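Everything on this sheet refers to the single structure shown next.
The values are calculated or read from the model by the stated rules, or taken from the named source; none is laboratory data. What you see is a predicted model; the values in this text were computed from it and never measured. Cβ: placed from backbone, ideal geometry, glycine included. Neighbour counts: every protein chain shown. Accessible surface is based on the protein model in full, side chains and every heavy atom, while ligands, DNA and RNA are left aside. Shrake-Rupley method; radii C 1.70, N 1.55, O 1.52, S 1.80 Å.
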Amino acid sequence: MKLIRMTTYFLLSIFLTTIIHGETTDKMNRGTLDLPKTVGLWSRPDSPRLISSKNIFEYMNGAGELYLGYRFRHLEVFDYTSAGQGNILVELYFMESADDAFGLLSLDWGGEPVSLDGAPAAISNQSFTAPTRALYGGGLMRLWSDFIYARIMAERETPASKQAVLALGKAIAAGAQYPSEPTLVTLLPLDIDMGWKLRVDRLSFFRSHLVLNSIYYLSHENILDLDFSAEAVSAPYQYIHGSGDPKRSQFLLVKYANTARARQALNRFHDAYLPDHKKEKTAGTAAGSPSLFKLEDGWMAYKLIGRHIVIVFESPDPESARTILQKNESNLLKRGGDHEK
(Lines give C-alpha, C1' and ligand atoms only; values in the text may rest on other atoms or scores of the structure.)
Protein backbone atom coordinates (compact mmCIF):
# COMPACT_ATOMS: atom_id res chain seq x y z
CA MET A 1 0.00 0.00 0.00
CA LYS A 2 2.83 2.36 0.82
CA LEU A 3 4.34 1.76 -2.63
CA ILE A 4 0.99 2.45 -4.29
CA ARG A 5 0.58 5.71 -2.34
CA MET A 6 4.12 6.80 -3.24
CA THR A 7 3.55 5.97 -6.90
CA THR A 8 0.23 7.84 -6.90
CA TYR A 9 1.85 10.85 -5.24
CA PHE A 10 4.71 10.80 -7.75
CA LEU A 11 2.36 10.65 -10.74
CA LEU A 12 0.18 13.40 -9.27
CA SER A 13 3.24 15.60 -8.74
CA ILE A 14 4.27 15.15 -12.38
CA PHE A 15 0.71 15.91 -13.49
CA LEU A 16 0.50 19.09 -11.42
CA THR A 17 3.96 20.22 -12.52
CA THR A 18 2.97 19.71 -16.15
CA ILE A 19 -0.22 21.73 -15.65
CA ILE A 20 1.58 24.55 -13.85
CA HIS A 21 4.35 24.65 -16.45
CA GLY A 22 1.78 24.58 -19.23
CA GLU A 23 -0.21 27.40 -17.64
CA THR A 24 2.95 29.45 -17.18
CA THR A 25 4.02 28.90 -20.77
CA ASP A 26 0.50 29.65 -22.00
CA LYS A 27 0.40 32.89 -20.00
CA MET A 28 3.76 33.90 -21.43
CA ASN A 29 2.56 33.16 -24.94
CA ARG A 30 -0.64 35.13 -24.37
CA GLY A 31 1.41 38.03 -23.09
CA THR A 32 1.50 39.03 -19.43
CA LEU A 33 4.43 41.41 -19.58
CA ASP A 34 3.70 44.12 -17.02
CA LEU A 35 5.15 47.39 -18.27
CA PRO A 36 5.25 50.36 -15.88
CA LYS A 37 2.19 52.61 -15.95
CA THR A 38 4.45 55.67 -15.83
CA VAL A 39 7.98 56.21 -17.03
CA GLY A 40 9.47 59.68 -16.66
CA LEU A 41 6.91 62.17 -17.97
CA TRP A 42 4.99 59.52 -19.93
CA SER A 43 2.07 57.30 -18.92
CA ARG A 44 0.08 54.58 -20.67
CA PRO A 45 -3.54 53.37 -20.58
CA ASP A 46 -4.46 50.29 -18.57
CA SER A 47 -4.65 47.89 -21.51
CA PRO A 48 -2.69 47.56 -24.75
CA ARG A 49 -4.09 47.32 -28.25
CA LEU A 50 -4.02 43.67 -29.33
CA ILE A 51 -3.04 42.82 -32.91
CA SER A 52 -3.32 39.31 -34.35
CA SER A 53 -2.45 37.79 -37.71
CA LYS A 54 -6.03 38.54 -38.79
CA ASN A 55 -5.76 42.31 -38.41
CA ILE A 56 -2.02 42.96 -38.63
CA PHE A 57 -2.40 44.50 -42.09
CA GLU A 58 -4.93 46.98 -40.70
CA TYR A 59 -2.29 48.08 -38.21
CA MET A 60 0.63 48.31 -40.64
CA ASN A 61 1.01 48.53 -44.41
CA GLY A 62 3.45 46.21 -46.16
CA ALA A 63 5.58 45.07 -43.21
CA GLY A 64 3.01 42.60 -41.91
CA GLU A 65 4.34 39.85 -44.17
CA LEU A 66 7.76 40.05 -42.50
CA TYR A 67 6.33 39.41 -39.04
CA LEU A 68 4.05 36.61 -40.24
CA GLY A 69 7.12 35.04 -41.86
CA TYR A 70 8.64 34.62 -38.39
CA ARG A 71 5.86 32.56 -36.77
CA PHE A 72 4.14 35.60 -35.29
CA ARG A 73 1.66 34.93 -32.44
CA HIS A 74 0.37 38.37 -31.55
CA LEU A 75 1.36 42.01 -31.02
CA GLU A 76 0.66 44.23 -28.01
CA VAL A 77 0.83 48.00 -28.58
CA PHE A 78 1.21 50.50 -25.74
CA ASP A 79 0.90 54.27 -26.30
CA TYR A 80 2.74 56.34 -23.71
CA THR A 81 1.61 59.98 -23.81
CA SER A 82 2.87 63.20 -22.25
CA ALA A 83 1.66 66.74 -22.78
CA GLY A 84 4.00 68.64 -25.05
CA GLN A 85 6.67 65.90 -25.08
CA GLY A 86 5.55 63.72 -27.99
CA ASN A 87 4.35 60.16 -27.54
CA ILE A 88 6.35 56.96 -27.07
CA LEU A 89 5.10 53.89 -28.92
CA VAL A 90 5.88 50.41 -27.56
CA GLU A 91 5.32 47.35 -29.75
CA LEU A 92 5.76 43.88 -28.24
CA TYR A 93 5.84 41.13 -30.85
CA PHE A 94 5.22 37.75 -29.20
CA MET A 95 6.78 35.06 -31.38
CA GLU A 96 6.67 31.27 -31.25
CA SER A 97 10.36 30.97 -30.33
CA ALA A 98 13.42 32.97 -29.38
CA ASP A 99 14.89 32.16 -32.81
CA ASP A 100 12.02 33.99 -34.48
CA ALA A 101 12.50 37.05 -32.27
CA PHE A 102 16.23 36.99 -33.04
CA GLY A 103 15.38 36.82 -36.74
CA LEU A 104 13.37 40.02 -36.61
CA LEU A 105 16.24 41.87 -34.91
CA SER A 106 18.68 40.43 -37.46
CA LEU A 107 16.95 42.22 -40.33
CA ASP A 108 18.73 45.45 -39.33
CA TRP A 109 21.84 45.67 -37.13
CA GLY A 110 22.01 49.47 -37.39
CA GLY A 111 22.11 51.60 -34.26
CA GLU A 112 24.08 51.97 -31.05
CA PRO A 113 24.45 48.78 -28.97
CA VAL A 114 22.67 49.05 -25.64
CA SER A 115 23.42 46.99 -22.54
CA LEU A 116 20.24 46.21 -20.61
CA ASP A 117 20.32 45.24 -16.94
CA GLY A 118 21.03 41.54 -16.68
CA ALA A 119 21.33 41.10 -20.43
CA PRO A 120 24.67 40.34 -22.06
CA ALA A 121 25.88 43.23 -24.19
CA ALA A 122 26.91 40.97 -27.05
CA ILE A 123 25.55 37.77 -28.50
CA SER A 124 27.00 34.79 -26.68
CA ASN A 125 28.83 32.90 -29.43
CA GLN A 126 32.41 34.15 -29.73
CA SER A 127 32.33 33.79 -33.51
CA PHE A 128 29.46 36.23 -33.74
CA THR A 129 30.06 39.25 -31.56
CA ALA A 130 29.23 42.37 -33.58
CA PRO A 131 25.45 42.60 -33.14
CA THR A 132 23.83 42.93 -29.71
CA ARG A 133 20.47 42.12 -28.21
CA ALA A 134 19.37 45.79 -28.10
CA LEU A 135 20.09 48.64 -30.52
CA TYR A 136 19.20 52.34 -30.23
CA GLY A 137 19.27 55.19 -32.75
CA GLY A 138 17.19 58.25 -33.58
CA GLY A 139 14.71 57.70 -30.78
CA LEU A 140 14.09 54.06 -31.71
CA MET A 141 15.15 51.01 -29.69
CA ARG A 142 14.83 47.49 -31.09
CA LEU A 143 15.52 44.53 -28.85
CA TRP A 144 15.40 40.75 -28.64
CA SER A 145 14.21 39.42 -25.27
CA ASP A 146 13.65 35.66 -25.32
CA PHE A 147 10.60 35.06 -27.56
CA ILE A 148 9.70 38.78 -27.68
CA TYR A 149 10.89 41.24 -30.30
CA ALA A 150 10.22 44.84 -29.21
CA ARG A 151 10.22 48.26 -30.86
CA ILE A 152 10.16 51.35 -28.63
CA MET A 153 9.91 54.60 -30.58
CA ALA A 154 9.88 58.16 -29.27
CA GLU A 155 7.97 60.57 -31.44
CA ARG A 156 10.44 63.28 -30.51
CA GLU A 157 14.00 62.42 -29.42
CA THR A 158 15.14 64.38 -26.38
CA PRO A 159 17.41 63.46 -23.46
CA ALA A 160 14.25 62.76 -21.41
CA SER A 161 12.61 60.59 -24.08
CA LYS A 162 15.84 58.64 -24.58
CA GLN A 163 15.98 57.87 -20.86
CA ALA A 164 12.33 56.79 -20.97
CA VAL A 165 12.96 54.52 -23.98
CA LEU A 166 15.96 52.94 -22.25
CA ALA A 167 13.93 52.42 -19.07
CA LEU A 168 11.17 50.70 -21.03
CA GLY A 169 13.73 48.48 -22.74
CA LYS A 170 15.08 47.42 -19.36
CA ALA A 171 11.55 46.73 -18.10
CA ILE A 172 10.90 44.46 -21.09
CA ALA A 173 14.16 42.57 -20.60
CA ALA A 174 13.85 42.27 -16.81
CA GLY A 175 13.66 38.64 -15.71
CA ALA A 176 13.77 37.31 -19.27
CA GLN A 177 15.68 34.27 -20.45
CA TYR A 178 18.70 34.96 -22.65
CA PRO A 179 18.96 32.03 -25.06
CA SER A 180 21.75 31.78 -27.58
CA GLU A 181 21.28 32.86 -31.16
CA PRO A 182 19.95 30.20 -33.57
CA THR A 183 22.35 27.29 -34.00
CA LEU A 184 22.44 27.78 -37.76
CA VAL A 185 23.94 31.24 -37.24
CA THR A 186 26.89 29.81 -35.31
CA LEU A 187 27.88 27.49 -38.16
CA LEU A 188 29.07 30.25 -40.49
CA PRO A 189 32.86 30.75 -40.30
CA LEU A 190 34.03 34.30 -39.70
CA ASP A 191 37.11 34.00 -41.91
CA ILE A 192 37.64 32.18 -45.18
CA ASP A 193 40.98 31.37 -46.83
CA MET A 194 42.05 33.94 -49.46
CA GLY A 195 41.05 36.86 -47.20
CA TRP A 196 37.25 36.61 -47.20
CA LYS A 197 35.50 37.84 -44.02
CA LEU A 198 31.90 37.43 -42.97
CA ARG A 199 29.90 40.67 -42.66
CA VAL A 200 28.22 39.86 -39.36
CA ASP A 201 26.52 43.26 -39.44
CA ARG A 202 24.63 42.08 -42.53
CA LEU A 203 23.70 38.60 -41.31
CA SER A 204 20.01 37.66 -41.24
CA PHE A 205 18.11 34.61 -39.97
CA PHE A 206 14.73 33.78 -41.53
CA ARG A 207 12.22 31.14 -42.65
CA SER A 208 10.18 32.88 -45.37
CA HIS A 209 11.00 33.52 -49.04
CA LEU A 210 9.39 36.96 -48.66
CA VAL A 211 11.94 37.80 -45.98
CA LEU A 212 14.72 36.38 -48.15
CA ASN A 213 13.65 38.64 -51.00
CA SER A 214 13.94 41.66 -48.71
CA ILE A 215 17.53 40.59 -47.98
CA TYR A 216 18.62 39.19 -51.33
CA TYR A 217 16.07 38.97 -54.14
CA LEU A 218 15.83 35.65 -55.97
CA SER A 219 12.32 35.37 -57.37
CA HIS A 220 8.74 36.42 -56.68
CA GLU A 221 8.03 32.70 -56.32
CA ASN A 222 9.13 30.46 -53.46
CA ILE A 223 11.79 28.64 -55.51
CA LEU A 224 13.59 27.30 -52.40
CA ASP A 225 10.43 25.81 -50.84
CA LEU A 226 10.87 27.79 -47.63
CA ASP A 227 8.26 27.39 -44.89
CA PHE A 228 8.03 27.30 -41.09
CA SER A 229 9.76 23.91 -40.97
CA ALA A 230 12.88 25.43 -42.58
CA GLU A 231 15.62 27.67 -41.18
CA ALA A 232 17.93 29.87 -43.21
CA VAL A 233 20.75 32.32 -42.68
CA SER A 234 22.30 34.66 -45.24
CA ALA A 235 25.20 37.12 -45.13
CA PRO A 236 27.81 38.59 -47.47
CA TYR A 237 31.47 37.62 -47.40
CA GLN A 238 33.72 40.55 -48.26
CA TYR A 239 37.32 40.74 -49.45
CA ILE A 240 39.38 43.92 -49.79
CA HIS A 241 42.51 43.45 -51.85
CA GLY A 242 45.52 45.76 -52.26
CA SER A 243 43.75 48.43 -54.32
CA GLY A 244 41.10 48.85 -51.65
CA ASP A 245 38.32 47.86 -54.03
CA PRO A 246 36.13 45.38 -52.09
CA LYS A 247 34.88 42.15 -53.59
CA ARG A 248 31.67 40.62 -52.31
CA SER A 249 29.95 37.24 -52.38
CA GLN A 250 26.50 36.53 -50.92
CA PHE A 251 26.21 33.31 -48.93
CA LEU A 252 23.03 31.36 -48.14
CA LEU A 253 22.57 28.31 -45.89
CA VAL A 254 19.16 26.60 -45.61
CA LYS A 255 18.21 23.73 -43.31
CA TYR A 256 15.16 21.58 -44.13
CA ALA A 257 13.17 19.04 -42.16
CA ASN A 258 14.89 16.15 -43.94
CA THR A 259 17.17 15.30 -46.86
CA ALA A 260 14.30 14.56 -49.24
CA ARG A 261 12.88 18.07 -48.74
CA ALA A 262 16.31 19.60 -49.25
CA ARG A 263 16.93 17.65 -52.48
CA GLN A 264 13.49 18.58 -53.80
CA ALA A 265 14.10 22.26 -53.00
CA LEU A 266 17.51 22.24 -54.71
CA ASN A 267 16.06 20.72 -57.87
CA ARG A 268 13.30 23.32 -57.93
CA PHE A 269 15.81 26.11 -57.32
CA HIS A 270 17.99 24.96 -60.22
CA ASP A 271 15.07 24.64 -62.62
CA ALA A 272 13.76 28.12 -61.75
CA TYR A 273 17.01 30.05 -61.27
CA LEU A 274 19.28 28.28 -63.76
CA PRO A 275 16.96 27.13 -66.58
CA ASP A 276 19.69 27.49 -69.22
CA HIS A 277 22.33 25.57 -67.28
CA LYS A 278 22.56 21.81 -67.25
CA LYS A 279 22.56 20.05 -63.89
CA GLU A 280 25.76 18.24 -63.03
CA LYS A 281 25.58 14.55 -62.18
CA THR A 282 26.46 15.22 -58.56
CA ALA A 283 23.77 17.90 -58.19
CA GLY A 284 21.36 16.88 -55.45
CA THR A 285 23.95 14.71 -53.71
CA ALA A 286 26.58 15.33 -51.05
CA ALA A 287 29.27 13.68 -53.18
CA GLY A 288 31.83 15.44 -55.33
CA SER A 289 32.65 19.10 -55.83
CA PRO A 290 30.18 22.00 -55.71
CA SER A 291 28.19 22.77 -58.85
CA LEU A 292 29.62 25.95 -60.43
CA PHE A 293 27.94 28.29 -62.91
CA LYS A 294 29.02 31.52 -64.64
CA LEU A 295 26.22 34.10 -64.54
CA GLU A 296 25.99 37.76 -65.54
CA ASP A 297 26.61 38.98 -61.99
CA GLY A 298 29.50 36.59 -61.28
CA TRP A 299 30.04 32.97 -60.32
CA MET A 300 27.50 30.93 -58.40
CA ALA A 301 28.03 27.63 -56.59
CA TYR A 302 25.70 25.30 -54.73
CA LYS A 303 25.74 21.96 -52.98
CA LEU A 304 23.42 19.64 -51.06
CA ILE A 305 24.81 18.49 -47.71
CA GLY A 306 22.39 16.16 -45.96
CA ARG A 307 19.32 18.23 -45.21
CA HIS A 308 21.17 21.49 -45.88
CA ILE A 309 21.63 23.53 -49.06
CA VAL A 310 24.60 25.89 -49.34
CA ILE A 311 24.73 28.51 -52.10
CA VAL A 312 27.25 31.23 -53.01
CA PHE A 313 26.10 34.10 -55.25
CA GLU A 314 27.97 36.84 -57.15
CA SER A 315 31.47 35.55 -56.53
CA PRO A 316 34.18 37.30 -58.60
CA ASP A 317 35.81 34.02 -59.71
CA PRO A 318 35.20 30.26 -59.47
CA GLU A 319 38.04 29.74 -56.99
CA SER A 320 36.50 32.16 -54.49
CA ALA A 321 33.03 30.64 -54.87
CA ARG A 322 34.42 27.14 -54.35
CA THR A 323 36.54 28.17 -51.36
CA ILE A 324 33.69 29.97 -49.56
CA LEU A 325 31.33 27.05 -50.10
CA GLN A 326 33.83 24.37 -49.09
CA LYS A 327 34.83 26.19 -45.88
CA ASN A 328 31.17 26.45 -44.89
CA GLU A 329 30.67 22.80 -45.80
CA SER A 330 33.57 21.84 -43.56
CA ASN A 331 32.09 23.81 -40.66
CA LEU A 332 28.69 22.27 -41.23
CA LEU A 333 30.02 18.71 -41.29
CA LYS A 334 32.15 19.34 -38.22
CA ARG A 335 29.65 21.25 -36.09
CA GLY A 336 26.24 20.76 -37.69
CA GLY A 337 25.71 17.42 -35.99
CA ASP A 338 22.49 16.33 -37.73
CA HIS A 339 23.44 17.06 -41.33
CA GLU A 340 22.81 13.48 -42.46
CA LYS A 341 19.21 13.24 -41.26
Can you give the extra length, in nm with one decimal, that the chain gains between residue 83 and residue 63 once fully stretched, where that is 0.36 nm per residue apart less the Cα-Cα distance? 4.2 nm
Using Cα positions and a limit of under 15 Å, work out the aspartates and glutamates in reach of residue 294, with same-chain residues fewer than 8 apart set aside. 276, 280, 314, 317, 319
At 1.4 Å probe radius, can you tell me the per residue accessible area of the stretch 136-206 in Å²? 39
For the stretch 167-317, shape from the Cα gyration tensor axes a ≥ b ≥ c, cut at a/c of 1.5 then a/b versus b/c, turns out oblate
Work out, step by step, the length gained on full extension between residue 49 and residue 289: first 0.36 nm times the residue separation, then minus their alpha carbon distance; give nm to one decimal. 81.0 nm
Restraint check, 170/255; 255/279; 255/303, Cα-Cα greater than 24 Å: 170/255
Can you list residues from other chains, or at least 5 along the same chain, whose modelled amide H is less than 5 Å from the amide H of residue 137? 112
Radius 13 Å from Cβ of residue 102, net charge of other residues (Lys, Arg +1; Asp, Glu -1): -3
